[in-house]
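Novice: Sharing a structure with you now.
The values are calculated or read from the model by the stated rules, or taken from the named source; none is laboratory data. Everything quoted here is computed from the prediction, not taken from an experiment. Cβ atoms come from the backbone with ideal geometry, glycine included; neighbour counts cover every protein chain shown.
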Amino acid sequence: MSNATEPGVLRVFQSKSETKAFYNKIAKVYDLLAEHSEGPVRQAGLDELAVQVGEKVLEIGCGTGHCLVAIARSVGPRGKAYGVDISDQMLKHTQSLAEREQLADRVDLRCADATHLPLPDGNMDGIFMSFTLELFDTPEIPLVLAECKRALRPGGRIVVVGMSKEDAHGAVFEMYEWSHRHFPNFVDCRPIFVRRAIKAAGFSVRQARKMSMWVPVEIVSAVKV
């Protein structure tokens, strides 16, 4: 059995169309809702990815674009930052931010589902995902990671930041999972086994560290072998 489908990981109860509609609806206020708590953890993931000048780097679930713009800044004028998101309204915010930062020429945005990445084989030097993998239903997690592996060049690296079910316990964690079960239209993602899923997908895990938000978070760095 795949580690991504281990007993205890909750399912995703919303359809893709419902998820897209939800993020389109909250795109204008997303930063107010999430950036304060998620921002430091996302930055820790970017630090782990260590984007280099001239690289081609993909962010899956680029949202309002803060991390993608940071990636675009790091790759320099000879590199490229690719962003994929299911929400076209989120991508509009990313495009606007890239333009304000005068980095639009380094950014390539695609509105797509990460189970079918609109990218060629073996073309990416790095892939970054933060608070995105846990939005996919349990059977889709291996599909997303397989697409990541396909898009990466040999030796390419991936960093995934995600809410973690590993060693998770406590009242806040239990309340969060209860909320996901009963109010999936508001609490649409749930903790998963991040490192285990990445390892099961055939990546070589380099480092897995834990941070604390209001739920446990895993930051996992791995390479395509």
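Novice: Which is over 22 Å from HIS66 (Cβ atoms), modelled with pLDDT of 95 or more, in a loop (DSSP other than H, G, I, E, B) and not polar (S, T, N, Q), of PRO120, PRO142, PRO154?
Specialist: Sole residue among the options that is over 22 Å from HIS66 (Cβ atoms), modelled with pLDDT of 95 or more, in a loop (DSSP other than H, G, I, E, B) and not polar (S, T, N, Q): PRO120.
Novice: Restricting attention to helices (runs of 4 or more DSSP H) lying wholly within segment 1-89, give those where 1 or more residues are at pLDDT 90 or above, closer than 28 Å to LYS210 by Cα and in contact with a Leu (Cβ under 6 Å, 6 or more places away or on another chain).
Specialist: The qualifying helices (runs of 4 or more DSSP H) are 66-75.
Novice: Contact list please: Cβ distance under 7 Å, first residue in segment 100-117 and closer than 20 Å to SER87 by Cα, second residue at pLDDT below 95 and of a type in the set (Lys, Arg), pairs at least six apart or on different chains.
Specialist: Once the first residue is closer than 20 Å to SER87 by Cα and sits in segment 100-117, its partners that are at pLDDT below 95 and of a type in the set (Lys, Arg) give ASP113/LYS16.
Novice: Then there is this: Based on what the data block shows, is ILE198 touching a helix residue (DSSP H, G or I) at 6+ places or on another chain (Cβ under 7 Å), among the β-branched types (Val, Ile, Thr) and in a helix (DSSP H, G or I)?
Specialist: yes
Novice: Would you please name the residue that is surrounded by the fewest Cβ atoms within 10 Å (Cβ to Cβ), looking only at residues in segment 118-146 that are closer than 18 Å to LYS80 by Cβ and of a type in the set (D, E, K, R)?
Specialist: That would be ASP121.
Novice: Could you please find all residues in segment 93-116 being of a type in the set (A, V, I, L, M), out of contact with any Leu (no Cβ under 8 Å at 6 or more places or on another chain) and either under 28 Å from SER204 (Cα atoms) or part of a strand (DSSP E or B) (or both)?
Specialist: ALA112, ALA114
Novice: Restricted to segment 77-95, and to residues that are closer than 16 Å to TYR23 by Cα and of a type in the set (Gly, Ala, Ser), which residue is surrounded by the most Cβ atoms within 10 Å (Cβ to Cβ)?
Specialist: Once the filter is applied, the top-ranked residue is GLY83.
Novice: Look through SER212, SER204, SER221 and report the one residue that is at pLDDT 95 or above, of a type in the set (S, T, N, Q) and within 18 Å of GLN43 (Cα to Cα).
Specialist: Only one candidate passes the filter, namely SER221.
Novice: Now for a different question. Which condition from (1) surrounded by 14 or more Cβ atoms within 10 Å (Cβ to Cβ); (2) of a type in the set (Phe, Trp, Tyr); (3) modelled with pLDDT under 95 is the one that PHE183 breaks?
Specialist: Exception for PHE183: condition (1).
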